[in-house]
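Data first, discussion second: the structure below is written as structure tokens.
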Amino acid sequence: MNEAAITYCARHPQVETALRCGRCDTLICPRCLVQTPVGSRCPDCANVRRIPTIDVKPLFIARGLGASLLAGIAVGAFWGYAEPDRGLGGFFIFFIAMGMGWVISEAVSIATNRKRAQVLQGIAMLGAILAYVVHNLVVGVGPFPTGDLWGYLATVVAAVFAASRLSP
């Protein structure tokens, strides 16, 4: 009888495998293989790296947070001064909210060299919430007033719009 020797993955010693890397001949299992245009490779030979656009270092997170805070304060102050005098409520507020979301996301995007990541989406959403709080403080009704349905909806629209522009 000619029995084949049982082989195990180099990275996962408990997994039986007969699959080998096409470049270095290392044993790999389906969990650790990377499919490349020239066949299955181990993660070392596949040269797996994150795309630079979505690879966000802590410095970029700090820059994005600063830009989001500054843009949120500026947009909220503008909204607070423009809204009471002109009565820009109702359905029109959604267009203002989309503009607010665009300004905040653009500030975050420029500050982070046009990077895109989920953490930057969250930072932009925080900027939209800050804009709502600043708006309410400028108007003089407190940070989170009750019964402000249009304001809450506008904040959600601004946050979603800002986050959608920074999606990876």
*asked:* Taking 0.36 nm per residue of sequence separation and subtracting the Cα-Cα distance, how much length would be gained by fully extending the chain between S164 and F91, in nm to one decimal?
replied: 24.2 nm
_Length added when fully stretched, L149-D25, from 0.36 nm per residue minus Cα-Cα_ = 38.4 nm
*Taking Cα centroids, how far is the range 39-111 from the range 126-168 in Å?*
14
_Compactness of the range 70-144 as Cα Rg over 2.2 N^0.38 Å, two decimals_ = 1.12
_the range 27-75, Rg to Rh (Cα coordinates; Rh as Kirkwood inverse mean 1/r)_ = 1.34
*Kyte-Doolittle at least 1.0, axis length at least 30 Å by Cα - qualifying DSSP helices, the chain*: 118-139
*Which residue, D25, D148, D55, has the most motion in a Gaussian network model of the chain that connects Cα atoms within less than 10 Å?*
D25
*Note down the net charge around N47, summing +1 for each Lys or Arg and -1 for each Asp or Glu among other residues with Cβ under 11 Å from its Cβ.*
+2
*Within the range 35-135, which trypsin sites (Lys or Arg not before Pro) sit in a loop by DSSP and count at most 11 neighbouring Cβ atoms inside 10 Å?*
R49, R50, R114
*Candidate values (1) 11, 28, 17, 13, 11, 11, 6, 2, 0, 0; (2) 12, 38, 28, 15, 6, 1; (3) 10, 36, 35, 15, 5, 1, 0, label of the one derived for P(r) over Cα pairs in 10 Å bins from 0, in percent*: (1)
*asked:* Could you work out the relative contact order of the chain? I mean the mean sequence separation of Cα pairs under 8 Å and 6+ apart, divided by the number of residues, in percent.
replied: 22
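Bear in mind these aren't lab numbers, they're just calculated from the coordinates by the rules spelled out. Small disclaimer: the values here were computed from a predicted structure and weren't measured. Please note: Cβ atoms are built from the backbone with ideal geometry, for glycine as well, and neighbour counts cover all protein chains shown.
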